[in-house]
1. Could you list, in sequence order, the residues of the stretch B:139-173 that are modelled with pLDDT of 90 or more, in a strand (DSSP E or B) and within 25 Å of the chain's Cα centre (by Cα)?
2. Applying the selection to the stretch B:29-47, what residues are assigned to a helix (DSSP H, G or I), buried (at least 23 other Cβ atoms within 10 Å of the Cβ) and among the β-branched types (Val, Ile, Thr)?
3. Filter the stretch A:105-120 down to the residues that are among the small types (Gly, Ala, Ser) and more than 8 Å from every other protein chain (Cβ to nearest Cβ), then identify the one that is farthest from the chain's Cα centre (by Cα).
4. Tell me the helices (runs of 4 or more DSSP H) entirely within the stretch A:77-176 that contain at least 2 residues that are aliphatic (A, V, I, L, M), within 13 Å of B:LEU283 (Cβ to Cβ) and open to solvent by 30 Å² or more (accessible area, probe 1.4 Å).
5. For B:ILE346, indicate whether it is within 14 Å of chain A (Cβ to nearest Cβ) and surrounded by 18 or more Cβ atoms within 10 Å (Cβ to Cβ).
6. Restricting attention to the stretch B:96-109, which residues are in contact with a helix residue (DSSP H, G or I) (Cβ under 8 Å, 6 or more places away or on another chain), farther than 15 Å from B:SER173 by Cα and part of a strand (DSSP E or B)?
7. Could you count how many residues in the stretch A:177-211 are touching a residue at least 60 places away in the same chain (Cβ under 8 Å) and surrounded by 18 or more Cβ atoms within 10 Å (Cβ to Cβ)?
Amino acid sequence: MDPILEMNHVSKVYGEGATEVKAVQDVSLALEPGEVVLVMGPSGSGKTTLLSMLGALLRPSQGEIRIDGTDLTRLSESQLPRLRLQNFGFIFQDFNLLSALTALENVMLVAQLAGARNGDARRRAVEILTDFGLQGRLDFLPEKLSGGEKQRVAIARALINEPAVILADEPTANLDSKIGFEIMRLLRQIAKEQRRSVVVVSHDQRIREIADRVLWLEDGGFKTLAAMASDPVCGMAIEKDRAAASLTWEGAEYFFCSRGCRAEFEAGLRSAPLPA
Amino acid sequence: MIRLAWRNLTQNPARLLISLGGVSVALVLMLTLDAIFTGMEQRVTAFIDRSGADIFVSQQDVRNMHMASSSLARGQQARVKSVAGVASVTPILYVTNPILAGKDRSLAYIIGVPSDAKAGGPWEIESGREDPGAGGVVLDVGVAAKAGIGLGGEVEILGDTFEVVGLSHGTASMAGSVAFISLDDFADLRQDSDTVSFLLVETAPGEAPEQVAAGIEARVRDVTAMTRQEFARQERKVVRDMSTDILAIMNIVGFLIGLAVMALTVYTGTLSRRAEYGVLKALGARNGKLAATVVWQAVISVSLGFLIALILTSLLTVATPLASASLRLVIGLPSVAKVVVTSLVIAGVASLLPIWQMARLDPATVFRRR
């Protein structure tokens, strides 16, 4: 399958000479349609810079970024706003809804920016917000919405123009764990059902299990590219090379979050009836 | 973007009120001043407009009454009368001079009219008689009230005492009032019976005043003859020329106050939403769209401010004559058009700095932690 978004040998350098800072160094990344990628890493590792470049908000110092075959590093400044409107949906840590507009108007506005007429924008916004269970909150100002509702409005806003890629910056940071998990499940559902690529930058370890891939960014580069596995006992998502234990049985390799889970798994194997 | 502009404005009622208050005060200043001068222009030509004359004949090249002097030989009256199309000729004497009533002193156009005047006398009598007669004066009712005198009261004009025999309406303005005395009394005061100031001509029915005026100038030497309308226009022009500088200064003051208030409120309003504009920019809004939002905010503010100013000034036009008979405010269309244009200029100029700042706003700031 062709990647929807490709980042090839991208670097970003701020300043020059003694004040030069290499925020991102020679990073490459390809996103498949419907894929959820989680980018983690310590503060100052370059996550924000990476996300900004992926979303055509920041030009890389080197390398190319292609979306649907178009190299966005070659586009003029005046072409970037339309590219962002049509290809990217943004979700922010602080929700970033416009405080003077209602939930419905926040979503409608982005459709109108892309050229939709008022009636069409309203119809589409109502449809998405209703899908997200917000039909009773359409005319509420953001200040009257809960954190989870605000983030769902923000997701609706990100989806209104049917972008190929959704970029989420710490989407669960201001939500409690239950709501945060629901939001992430919603994002995963959108990715799988609508075949949109989702890139999430987060510190939240709890959302690892919804990602198809977890990338660890440190000192401006991906240090490990860990494929995820699910613990067959407790169901927890874990990185294969960071698993506490593993086991090969009948040609298949299993990864566990703890030795206890592996012991339980082994006990289960012993008590299983022997094949005839 | 209009909806966003409107919501941004109305979300903070206190800021909106300050903005509207400041702008409307500035615009009221401009509208009221214009209304005062328009009213004054109309009142200042009240005598000419209501004189009943179709043509004003004056000394050659004298084209108005205010701050002007005209002298015609009495003999000119007969020569003018002989011109085709002339129905009647009324000589009047005129001077601008103070009227003293007790301790009260007010400037007036003193008009000397003959007792059989076909034109040039008071046009609306409140009480008393129309013909001042010997030793009498017809005074503006407002001036008389201010001086605390009525019919039978005495005033001093050009050094002589006159008895108030009539009170007239619509004969006062900020520039002064009109007082009527007899032509003979006026001539005695001047110690000159051989000259008059103007000849007021009534044209015969069906005659065009322009043609008759041209005929007078062709047939009578050393005079200028103008239709009533042209004479009034010249009179207004003189008053306007005298007040242009004051009007210009006050208009500039009003403009600057409005601009300062609007610029401050648009700037602070935009600054407080800097993060939101950054989000819009990140989402894909072009600079033009964001600029349009700012301009709409300013335009909506000044439009509301203008409406408030128009209502306030209209109320003043009703209330002012109740407080002062000599003051009349008239809101003219040119004045409204001027203030509308000024309002739009204020909105445009006030938007420049916020637009410039938004154009420089980096959309990538949305991902930076606050």
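The values are calculated or read from the model by the stated rules, or taken from the named source; none is laboratory data. Nothing here was measured: the structure is a model prediction, and the numbers come from that model. A quick note on method: Cβ atoms are made from the backbone with ideal geometry, for glycine too, and the neighbour counts reach across all protein chains shown. Each accessible area value is taken on the protein alone, full model and side chains, heavy atoms only, with ligands, DNA and RNA left out. Shrake-Rupley method; radii C 1.70, N 1.55, O 1.52, S 1.80 Å.
1. Selection gives B:LEU139, B:ASP140, B:LEU167, B:SER168.
2. Answer for the stretch B:29-47, where residues must be assigned to a helix (DSSP H, G or I), buried (at least 23 other Cβ atoms within 10 Å of the Cβ) and among the β-branched types (Val, Ile, Thr): just B:VAL44.
3. Within the stretch A:105-120, the match that is farthest from the chain's Cα centre (by Cα) is A:GLY119.
4. none
5. No, not satisfied.
6. B:ALA101, B:ASP104
7. Number of matching residues: 14.
Quick grid of which residues meet (1) without any contact (Cβ under 8 Å) to a residue 40 or more places away in the chain; (2) small (Gly, Ala, Ser); (3) open to solvent by 50 Å² or more (accessible area, probe 1.4 Å):
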{"position": "B:LEU290", "(1), (2), (3)": "no, no, no"}
{"position": "B:THR320", "(1), (2), (3)": "yes, no, no"}
{"position": "B:SER335", "(1), (2), (3)": "no, yes, no"}
{"position": "B:VAL340", "(1), (2), (3)": "yes, no, yes"}
{"position": "B:LEU352", "(1), (2), (3)": "yes, no, yes"}
{"position": "B:THR365", "(1), (2), (3)": "no, no, yes"}
